1. Criterion first (in contact (Cβ under 8 Å) with a residue 24 or more places away in the chain, under 27 Å from V81 (Cβ atoms), outside any loop (DSSP other than H, G, I, E, B) and within 15 Å of the ligand (Cβ to nearest atom)) does N247 satisfy it?
2. Report the residue count in the range 256-295 for those that are part of a strand (DSSP E or B), within 14 Å of the ligand (Cβ to nearest atom) and not basic (K, R).
3. Mind checking which pairs have a first residue in the range 449-466 that is on the phi > 0 side of the Ramachandran plot and a second that is within 16 Å of the ligand (Cβ to nearest atom), Cβ under 7 Å, 6 or more apart or different chains?
4. Considering the range 321-333 alone, what residues qualify as being within 17 Å of the chain's Cα centre (by Cα) and surrounded by fewer than 23 Cβ atoms within 10 Å (Cβ to Cβ)?
5. In the range 39-81, how many residues are more than 8 Å from the ligand (Cβ to nearest atom), among the hydrophobic types (A, V, I, L, M, F, W, C) and under 24 Å from the mean Cα position of the chain (by Cα)?
6. For the range 199-218: of the residues being out of contact with any Ser or Thr (no Cβ under 7 Å at 6 or more places or on another chain) and assigned to a loop (DSSP other than H, G, I, E, B), which is surrounded by the fewest Cβ atoms within 10 Å (Cβ to Cβ)?
7. Could you run through the range 391-405 and say how many residues are surrounded by 15 or more Cβ atoms within 10 Å (Cβ to Cβ), within 16 Å of the ligand (Cβ to nearest atom) and not basic (K, R)?
Amino acid sequence: MSNSINRRDFIRLSSLISGVLMTKPLEALSISDPWQKSIGTPQKVLILGAGMAGLSAGMELQKLGHQVEIIEGQMRAGGRVFTARNMFADGLFADVGAARIPENHDWTMKYVKKYGLQLIPFNPTENDLLHVVNGKKIRYSASKPASLKEYPVSLSPQEIEMGWAGLSSKPFNALTANVGNPAESTWPPQSIAHFDKLSFKEYLIDQKFSPAVADLLMLGWEDKRGMDMSVIELFRELNLSFGAPRNKIVGGNDLLPRAMANELGSIIQYNTKVIRVEQNETGVTVTVSREGERTTIKADRVICTFALPILKKMDFVKTFSKRKQVAIDEMGIFNLARTVMQVSDRYWKKEGLNGFAATDQPIEIWDPHFESKAKRGMIAAYVKNTDSNSFMSMSEAERLSFSKKQVNGVFPGLDNYFEGSYTKVWGEDPWAGYAHAIGNRTNMTEHLPFLSQPEGRIHFAGEHASAYHGWIQGAIESGNRAAKEINSF
Ligand SMILES: Cc1cc2nc3c(=O)[nH]c(=O)nc-3n(C[C@H](O)[C@H](O)[C@H](O)COP(=O)(O)OP(=O)(O)OC[C@H]3O[C@@H](n4cnc5c(N)ncnc54)[C@H](O)[C@@H]3O)c2cc1C
């Protein structure tokens, strides 16, 4: 809080500055909204962060004639879209952040198409995949799921009868009946909002299903220790991001932010860390540090795209409303880590396997270049939830040993072909501090609506301030939404 005004005064003041009464969440922006047709008064806009939210906001505002500057702490744009390059043989690379682009993510697809980037399927359709449950390996193919009888979990005879298709849809009937539009920021509707206090397992019990249904549907995500994720967040995910085919950008997903940054050119200031953000009735002052030297930059408005852990630590001169601050402090966070290992031979192919697996540890394993005809390649261990939290207190050697053990447990023989590795632990990334936001129990109704609301002249974008947590789609949609807010003044 500034020295001269108290919090109540500030809330009133910031409502006046922004011209909006902060009582109602903002609407999520639809891709068909032609907001760019009306040109607001040109303003000087400072965008904090050159991830997908900052890049898309900057691009749209610049096109409209606003004076835009983007401040980025790292030497590269893209943030959590990060492709590990130049560390493997034969030009191999691996996406260690955003990996899959669902075809129904219209905002992401719009920018992919703009730059003519080529997409190929993320998942193979040939050869078999594996599930590992309670130590048992179950083999299946993309066209033929395994019988539920094969899984060593406690399902009722009726649940087994439903098969995978029934088990993935029937438990959600109570939510589907009144679903509304899960992409809206005002979602969920009152009729289902009360389910926000339940985790998936609690919801299953409430709906008279076996909790083991969660163990199967959350393979690769939830371990036996469970997850706090609200069933409302899970249902939104299933509606908005699951089911559609998933792709990857040929040559690596970082080609998208690179193309955007290239177009924006010198308006991005790299290697410049934001230290402090202060506002008053007339503008915003941002203190930045570059090579140890501090300077201030003034702007009419700011779009802040920093991830939640960065927002928590940032010195905003305590200017936020109580609901906003509580939402920032208490919204759920999810950690992820990925170890990519180079192998001299993609040995799993000899067994008719395609290198893809999901376990109850919770780990996903995949071959990032399954489409390649080359013998040498990679295998990735995608480590989640409690296991990725424990990575933060492990040495590099321990992380590698853990990841190798997981891959060996599924595809034995790794040590014969292992050539080197790289591990990215997002929980310790100084520019993100986590992988993404997640709506834990009650978060979707109590906190999410406040994450996207402006505070005076400071506007907010980023995956956490969208309906799509942990997706590029959410970053881009919120970047456009924040740009629209500013353009309306
Ligand atoms: C492991 C993992 C897997 C994922 N998988 C997928 C997937 O398969 N598909 C998908 O679509 N999405 C996926 N995502 C999510 C996607 O990567 C993010 O939702 C999206 O990239 C977030 O963009 P953003 O602009 O909101 O934030 P960020 O990318 O975090 O951008 C914020 C920017 O701010 C900068 N910054 C931070 N602090 C400061 C400071 N003090 N000063 C200056 N600059 C600063 C950062 O360097 C960064 O560039 C994944 C993410 C992770 C981590």
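Taken together, the values in this text are just the output of simple stated rules run on the coordinates, not laboratory data. The shown structure was predicted, so the numbers you read here are calculated from the model rather than taken from an experiment. In this analysis, Cβ positions are derived from the backbone assuming ideal geometry, glycine residues included, and neighbour counts consider all displayed protein chains.
1. Details: in contact (Cβ under 8 Å) with a residue 24 or more places away in the chain: yes; under 27 Å from V81 (Cβ atoms): yes; outside any loop (DSSP other than H, G, I, E, B): yes; within 15 Å of the ligand (Cβ to nearest atom): yes.
Taking the combined requirement at face value, the residue satisfies it.
2. Keep residues of the range 256-295 that are part of a strand (DSSP E or B), which gives 268-269, 273-279, 284-290, 293-295.
Checking which are within 14 Å of the ligand (Cβ to nearest atom) leaves us with 268-269, 273-277, 286-290, 294-295.
From what's left, not basic (K, R): 268-269, 274-275, 277, 286-289, 295.
Here the count works out to 10.
3. Sorted first by the residue in the range 449-466, then by its partner, the pairs are G462/A53; G462/T305; G462/F306; G462/A307; G462/A475; G462/S478.
4. Going through the range 321-333, the residues within 17 Å of the chain's Cα centre (by Cα) turn out to be 328, 331-333.
Matches in the range 321-333: I328, I333.
5. 7
6. Only one residue tops the list, namely K208.
7. Within the range 391-405, the subset surrounded by 15 or more Cβ atoms within 10 Å (Cβ to Cβ) is 391, 394, 399-400, 402-404.
After this cut, where a residue has to be within 16 Å of the ligand (Cβ to nearest atom) as well, the list is 391, 399, 403.
Next, from what is left, pick out any that are not basic (K, R): 391, 403.
Residues in the range 391-405 being surrounded by 15 or more Cβ atoms within 10 Å (Cβ to Cβ), within 16 Å of the ligand (Cβ to nearest atom) and not basic (K, R): 2 in total.
Residue by residue, here is whether (1) farther than 25 Å from G409 by Cα; (2) part of a loop (DSSP other than H, G, I, E, B); (3) touching a Ser or Thr at 6+ places or on another chain (Cβ under 6 Å); (4) not aliphatic (A, V, I, L, M) holds:
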position	(1), (2), (3), (4)
L129	no, no, no, no
K137	no, no, no, yes
M162	yes, no, no, no
L175	yes, no, no, no
